[in-house]
1. Can you give the convex hull volume of the alpha carbon atoms of chain B per residue, in Å³?
2. When a footprinting reagent is the concern and you count Cβ atoms within 10 Å, what order do B:S12, A:S67, B:S28, A:S93 take, fewest first?
3. For a Förster distance of 41 Å, can you work out the FRET efficiency between the beta-carbons of A:V52 and B:H82, rounded to the nearest 0.05?
4. Treating the beta-carbon of each Lys and Arg as +1 and of each Asp and Glu as -1, no other charges, what is the dipole magnitude of the stretch A:15-110 about its Cα centre, to the nearest 20 debye?
5. Name the residue, out of A:P75, A:P85, A:P39, whose mean-square fluctuation peaks in a Gaussian network model built on chain A with Cα pairs under 10 Å.
6. What whole-number distance in Å separates the alpha-carbon centres of the stretch A:65-94 and the stretch A:12-32?
7. Which residues make up the longest stretch of chain B that has no trypsin sites (Lys or Arg not before Pro) in a DSSP loop with at most 13 other Cβ atoms within 10 Å?
8. In sequence order, what are the phi-derived ³J(HN,Hα) couplings for the stretch B:75-89 according to the Karplus relation 6.51 cos²θ - 1.76 cosθ + 1.60 with θ = phi - 60°, rounded to whole Hz, with x for glycine and proline?
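Each value in this text was obtained by applying a stated rule to the coordinates, not by laboratory testing. A quick note: this is a predicted structure, and the numbers were derived from the prediction, not measured. Note that we place each Cβ from the backbone using ideal geometry, even for glycine, and neighbour counts take in every protein chain shown.
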Amino acid sequence: DGGITQSPKYLFRKEGQNVTLSCEQNLNHDAMYWYRQDPGQGLRLIYYSQIVNDFQKGDIAEGYSVSREKKESFPLTVTSAQKNPTAFYLCASRGTYEQYFGPGTRLTVT
Amino acid sequence: AQSVTQLDSHVSVSEGTPVLLRCNYSSSYSPSLFWYVQHPNKGLQLLLKYTSAATLVKGINGFEAEFKKSETSFHLTKPSAHMSDAAEYFCVVSASNRDDKIIFGKGTRLHILP
């Protein structure tokens with residue numbers, strides 16, 4: 001089954017801890033993305049990668065970091081520097097035109 | 001510059017009646033346009049896309065949209081709403097081959113009344 005997987009579905013962390021969200025795709029897509037979704041704000045781009053070993057900051061990259069060591073994988077680390085990390089995080093990859101989304105990870109930081 | 005505006009944050013329709021979700025866009029490039037649906041705590045699923053071919057685009061689950069360049073609109077319609085259509089819908093505009101130019105609307109929550 002082709003698609004994008006994100007794990008875990010729910011994640012709970014204490015304030016001050018770094019946390020890494022997993023994103024894997026088997027669609028053979030070059031481009032991958034991380035978005036943050038907050039109620040009433042749509043999706044905001046955190047980072048994107050157009051090719052292995054290269055990535056670019058999006059609109060809200062502060063407090064986040066990524067790596068792209070393999071085509072299939074694009075993990076996102078939420079660092080302690082992110083002021084309001086509690087949110088729903090969506091990973092996507094892009095085919096010729098459209099994006100394909102994973103099921104999301106809901107992160108709660110207390 | 002690119003932008004997308006979804007004109008209604010909430011739309012309520014009765015089951016069996018038509019659905020209209022409105023989307024206006026602006027783009028300096030020749031745009032591609034998309035509608036996605038999101039059910040609670042799920043990822044986004046593509047409903048349909050416009051990529052400079054036919055201006056009337058048919059998608060999944062009976063949805064369709066018409067690209068109107070003169071009105072800069074890409075409204076989503078469905079002739080008869082079903083309870084399972086209750087979800088959030090996102091209109092998206094992108095410029096060809098520009099990964100940093102994929103712009104999401106803020107979403108329209110569709111409520112279906114029994």
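1. 98 Å³
2. B:S28, B:S12, A:S67, A:S93
3. Calculated transfer efficiency: 0.45.
4. Charge dipole, the stretch A:15-110, about its Cα centre: 80 debye, nearest 20.
5. Per the Cα network of chain A with a 10 Å cutoff, A:P39 tops the list.
6. So the separation of the two Cα centres works out to 4 Å.
7. The reported range is B:1-68.
8. Computed from phi, the couplings for the stretch B:75-89 are 6, 9, 9, 8, x, 9, 6, 10, 3, 6, 7, 4, 4, 9, 10 Hz.
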